[in-house]
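All remarks here apply to the structure that follows.
No value in this document is a laboratory result; all are computed from the given coordinates. Every value quoted in this text rests on a predicted model; they were computed, and no experiment measured them. Cβ placement follows ideal geometry from the backbone for every residue including glycine, while neighbour counts extend to all protein chains displayed.
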Amino acid sequence: MSIWSMICKTGTALVLGAVLAGCATGPNANPRDPLEPFNRGVSGFNDAVDNAVLKPVATVYRDVTPSLVQTGVNNFFGNLGDVLSAANAGLQLRPRVAVENLMRVSVNTVFGLGGLLDIATEMGIERTRVDFGQTLGRWGVPSGPYLVMPIFGPSSIRDASGFVVDNSGDLVGRVSDVSSRNSLTALRVVDTRAGLLRATNLLEGAALDKYSFVRDLYLQRRDNQIMDIIDEGWGLPPVTQDTDSSK
């Protein structure tokens, strides 16, 4: 069993535990975060893991690894992500975004040494990150309660479901050799965390309540992303978004 699969199964078990645990109540309860006690517990767990393992490793990686190598690693995983983005853009009936991401994959894979070089960006081919959670939102699936996923952080019931679907199509997860698959997974986690070091340092210094700040920022950003998709139109009928899970 891969590290990625183990994390997903652990997350699923914790989500079920959250549902069984019940909802948060009180005058200050956020209607979009009925699982707040559980979410704060998972957030605390994530912070502990991050402070003990992920952040130190990412810091060493950033400080020791040559910048050229870091850029190549980031480009490589970005190229793999473009495959999923193209697929999701197609499901959203956004032909321009789908074609652009497919062009990026083709150009970077063939001319960019398997994605280590981002030739597509230099050519002006735009990258647009698209995931299955956005696809579900595009077609009217409400976000549901806010949910903090183990290790992976802020999400929602809808976006966590989308994460499972995206993960099933992840090319790294399809690598047959277990040690290679786990090594690639670990490298991607470290690369992602290294890219967030500056942002998290600023967050820790600015937010009085880090949990609430991250939650509100995440929910607002996701709402905006999905409304932007809907506003593109493409001749499709409008989809009503119910962003308040308490209704």
Apply the Karplus parameterisation 6.51 cos²θ - 1.76 cosθ + 1.60, with θ equal to phi minus 60°, to every residue of region 66-80 and state each ³J(HN,Hα) to the nearest whole Hz, in sequence, with x for glycine and proline.
x, 4, 5, 5, 4, 5, x, 5, 4, 5, 4, 6, x, 5, 5
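What is the order of Arg94, Arg62, fewest Cβ neighbours within 10 Å to most?
On the way: Arg94 22, Arg62 17.
Ranked by crowding around the Cβ, least crowded first: Arg62, Arg94.
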Length-normalised contact order of region 3-232 in % [C-alpha pairs under 8 Å, at least 6 apart]
23
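For each of Phe45, Phe77, count neighbouring Cβ atoms within 10 Å of the residue's Cβ, then give the residues from fewest to most.
Listing Phe45, Phe77 from fewest to most nearby Cβ atoms yields Phe45, Phe77.
So, counting K/R as plus one and D/E as minus one, what does the shell of residues with Cβ under 13 Å around Val165 add up to?
Numbers: positive: Arg158; negative: Asp131, Asp159, Asp166, Asp170.
After counting each charged neighbour, the total is -3.
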Along region 29-41, what does the Karplus equation 6.51 cos²θ - 1.76 cosθ + 1.60 (θ = phi - 60°) give for ³J(HN,Hα), rounded to whole Hz, x for Gly and Pro?
5, 7, x, 8, 10, x, 9, 3, x, 5, 4, 5, x
Amide H neighbours of Ser156 at under 5 Å, excluding residues fewer than 5 places away on the same chain, with H built from the backbone geometry, are Leu147
For Arg181, Arg198, Arg215, what's the fewest-to-most ordering of other Cβ within 10 Å of each Cβ?
Arg198, Arg181, Arg215
Can you compute 3J(HN,Hα) from phi for each residue in region 117-133, using the Karplus curve 6.51 cos²θ - 1.76 cosθ + 1.60 with θ = phi - 60°, rounded to whole Hz and x for Gly and Pro?
10, 9, 5, 4, 5, 5, 7, x, 8, 6, 9, 10, 6, 9, 10, 6, x
